[in-house]
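Take a look at the structure below.
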């Protein structure tokens with residue numbers, strides 16, 4: 001059985017993602033990267049005030065952002081929308097996306113990625 005505690009996973013920065021802090025919980029970026037067949041990863045992302053998970057693209061992965069706390073502005077392709085805790089955002093593969101924290105508090109989200 002594979003388990004992980006989302007509250008104790010080390011926070012790291014990935015240079016291509018701006019100032020966002022990543023906690024890779026399961027799958028890609030962990031000790032067991034090939035754990036799941038279709039899901040690529042479960043990642044908790046904390047975006048400090050004024051920072052962003054900058055625009056980027058995944059060629060072979062679709063994702064979901066689940067906003068756990070805070071708020072911000074998400075961009076998917078050419079469309080932008082304000083999001084807040086409780087919102088769920090679908091991110092298609094091959095479409096540029098990112099999330100900007102527009103508040104004075106951290107924006108925390110759960111990111112689920114799946115192979116296509």
Limited to the range 15-29, what total is found for residues that are under 19 Å from residue 60 (Cα atoms) and assigned to a loop (DSSP other than H, G, I, E, B)?
-> 2
With a cut-off of at least 2 residues that are more than 19 Å from residue 19 (Cβ to Cβ), name the strands (runs of 3 or more DSSP E) lying wholly within the range 55-116.
-> 61-69, 79-84, 88-91, 107-115
Specify which of the listed residues (25, 16, 43, 9) is in contact with a strand residue (DSSP E or B) (Cβ under 8 Å, 6 or more places away or on another chain) and at pLDDT 90 or above.
-> 43
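The values are calculated or read from the model by the stated rules, or taken from the named source; none is laboratory data. Since the structure is predicted, the reported quantities are computational estimates derived from the model, not experimental observations. All Cβ positions, even for glycine, are placed from backbone atoms using ideal geometry, and neighbour counts span all protein chains on display.
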